[in-house]
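The values are calculated or read from the model by the stated rules, or taken from the named source; none is laboratory data. Quick caveat: nothing in here was measured; it's all calculated off a predicted structure. Heads up, the Cβs are rebuilt from the backbone with ideal geometry, glycines too, and the neighbour counts pull from every protein chain shown.
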Amino acid sequence: MSHRPLAPVFAGLRIGLHALFAGLLALVVVRVLVTGVGVTPIALAVALGLVYAAGAWVARGGRSAAGIVWVLALTVVWAALVWLVPEAAYLVFPLFFLYLHVLPRAAGPLAVVATTGLTIAAFALHGGLTVGGVVGPVVGAGVALLIGLGYAALERRAAEREELMAELLATRDRLAAAEREQGTLAERGRLAREIHDTVAQGLSSIQMLLYAAERADATGPGIAHIRLARQTAADGLAETRRFIRELAPPSLTQGLGPALERLARGWGEHAGVDVDVAVRDEVELPMDAQTALLRIAQGALANVAQHAAATRVRLVLDTVGPAVQLTVADDGRGFDPDASEAQGGGTDSFGLRAMRERVDQLDGTIAVTSAPTAGTTVTVTLPIGGSR
């Protein structure tokens, strides 16, 4: 979609130039018919009109090799016509604008000066050298140069305005994406608080009540069911707390590096796993990319805790050329990524799909390397400086 408000102006100028050329050429044809100077001028006039009509669309693209060839051919036919019919000299005025628009920047004014001299010579050949025969072409050339310079300045301003508009639209899109991300984070925080205040508290109360019932009647006939119910409530409470931790990420106010360090430290203490962290603090990323990397690290660590049975995890954040790379590697039991993807089920598959969706939204790549008993490595690479 074009946002150039001056496009109709440029189109109007082109149409006016074509109309001026057609009108002057018609005047030349009428003059030749009235004076009856022969067939050759008529043929040259028709040839000039055909050449102009055949290549007029080329000039719309501005400076190009095809446009230069077209203008040179037009000039040759016009020069032959003006040598026979003096009125054809008036056609030099629209040619001035074609030279300034189609020829290279230095060649355009030189072509205007050369054709001005040719026009003066043609007037002198047909009616002698007069003041009007000199002043008219010179004034026309000066006016054409001034208008051409004004047109070029106007076109530059239009291009700058177009570029500024594109930057503003891109900034608007980035702000909208940031607002959506902030809204998502706020909603996730609200859900975390709601789950903590309702489901987690309820499961905690159920667990305590079942524990009290177990102690009150440790030899009763239903004690096995009570213990099973208490253990089920404990497992549900642990899962709920894990959901809460994933919904409420560590703060990014101090940067992605410190947030990843806090996440790894807290997760390692909770899971009882040694975590080595190596992060580059000076990486500058948009907030949506920082949030995505933090979420991906959370998901990868959650998968390690739930499935890997690992004793050591390494989390690395570094730059690789024009991109940032996050790596989470463990020494756990590993798995077959191809088989897991083919089955398409399980919480680990869902976690990997969520990671891939986040990475795709930011034009990045994700690689999962694993094998049974060989551990798992998740590598995420995001371009620095932008997102879709």
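Identify, from the list Leu203, Leu237, Leu260, the residue that is in a helix (DSSP H, G or I) and touching a residue at least 40 places away in the same chain (Cβ under 8 Å).
Leu260
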Looking at segment 52-78, I want the residues that are of a type outside the set (Phe, Trp, Tyr) and part of a helix (DSSP H, G or I) and have a partner that is at pLDDT below 65 and surrounded by 15 or more Cβ atoms within 10 Å (Cβ to Cβ) with Cβ atoms under 6 Å, at least 6 apart or on another chain. Which pairs are those? Ala66/Val58; Gly67/Val58; Gly67/Ala59
Of (1) modelled with pLDDT of 75 or more; (2) loosely packed, with under 11 Cβ neighbours inside 10 Å; (3) more than 24 Å from Gln361 (Cα to Cα), Ala158 satisfies all except one. Which? (2)
Based on this model, can you work out whether Ala200 counts as over 30 Å from Glu284 (Cβ atoms) and either of a type in the set (Lys, Arg) or touching a Ser or Thr at 6+ places or on another chain (Cβ under 6 Å) (or both)? yes
Residue check for Arg245: in contact with a Gly (Cβ under 9 Å, 6 or more places away or on another chain), outside the structural domain of Arg295 (by TED's automatic domain parsing) and modelled with pLDDT under 85: yes
Looking only at segment 79-91, decide whether some residue is within 23 Å of Val51 (Cα to Cα), in the same structural domain as Leu27 (by TED's automatic domain parsing) and in a loop (DSSP other than H, G, I, E, B). yes
Could you check Ala26 against (1) assigned to a helix (DSSP H, G or I); (2) at pLDDT below 85; (3) not charged (D, E, K, R) and say which number it fails? (2)
Return the only residue of Leu118, Leu129 being on the phi < 0 side of the Ramachandran plot, outside any helix (DSSP H, G or I) and out of contact with any strand residue (DSSP E or B) (no Cβ under 9 Å at 6 or more places or on another chain). Leu129
Step by step: first the residues of segment 190-226, then only those that are of a type in the set (Gly, Ala, Ser) and over 58 Å from the mean Cα position of the chain (by Cα), then the one that is nearest to Glu246 (Cα to Cα). Which residue is that? Ala212
Name, by its number, the condition in (1) assigned by TED's automatic domain parsing to the domain that holds Thr311; (2) in contact (Cβ under 8 Å) with a residue 40 or more places away in the chain that does not hold for Ala177. (1)
Quick one: in segment 377-388, of everything that is at pLDDT 90 or above and among the polar types (S, T, N, Q), which residue is farthest from the chain's Cα centre (by Cα)? Thr377
Residues that are free of Cβ contacts under 8 Å to residues at least 12 places away in the same chain and among the charged types (D, E, K, R): does segment 292-309 have at least one? no
